[in-house]
1. Can you tell me the Rg and Dmax of the chain, counting just the alpha carbons, in angstroms?
2. Give me the 1.4 Å probe accessible area per residue for the chain, excluding ligands and nucleic acids, in Å².
3. Output the 0 to 90 degree angle, nearest 10, between the alpha-carbon long axis of helix 29-43 and the longest principal axis computed from the alpha carbons of the chain.
4. Under 23 Å between alpha carbons: how many lysine pairs meet that in the chain, if sequence neighbours fewer than 8 apart on the same chain are excluded?
5. Counting Lys and Arg as +1 and Asp and Glu as -1, each charge on the Cβ, what is the dipole of the chain about the Cα centre in debye, to the nearest 20?
6. Any idea which of Val53, Thr32, Cys66 is furthest toward the positive side of the dipole for the chain, if Lys and Arg beta-carbons carry +1 and Asp and Glu beta-carbons -1?
7. Would you calculate, for the chain, the mean residue ellipticity at 222 nm contributed by helices, counting each DSSP H stretch of 4 or more residues as -39,500 (n - 2.57) and dividing by all residues, to the nearest 500?
8. Counting only protein heavy atoms and using a 1.4 Å probe, what share of the accessible area of the chain belongs to carbon plus sulfur, as a whole percent?
Amino acid sequence: GRMAQDMTEKELLKMELDQLKENLVPWQVSKTAKEIKEYIESMSAEDPLLKGVPEDKNPFKEKGGCTIS
């Protein structure tokens, strides 16, 4: 093969990508999905999207109303 310094950036990136693809271990989707589901369920008590944010901890709550006269 050619020396690395003679290769274009595109060729170097393609070579790197090919090496990464060789190292990938295909995940079993069924197993991975089950693990993700279990993780989400185990964290659900802390999840603000599920249980909401207490008013006193909400940085986005309205500070005060606005009146138009």
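1. Using the Cα atoms of the chain, the pair Rg, Dmax is 25.2, 77 Å.
2. Working: 7220 Å² over 69 residues.
Per-residue accessible area for the chain comes out at 105 Å².
3. That helix lies at roughly 30 degrees to the long axis.
4. Close lysine pairs under the 23 Å cut-off: 6.
5. Details: 11 positive and 14 negative charges, 33 e Å.
Taking the Cα centre of the chain as origin, the dipole is about 160 debye.
6. Cys66
7. Working: 3 runs with 34 residues, N = 69.
Result for the chain: -15000 deg cm²/dmol, rounded to the nearest 500.
8. 61
The values are calculated or read from the model by the stated rules, or taken from the named source; none is laboratory data. These numbers were taken from a predicted model, which means no experiment stands behind them. Cβ sites come from the backbone with ideal geometry, for glycine too, and all protein chains shown count toward neighbours. Just so you know, the surface numbers come from the protein's heavy atoms only, side chains and all, with ligands and any DNA or RNA stripped out. Shrake-Rupley method; radii C 1.70, N 1.55, O 1.52, S 1.80 Å.
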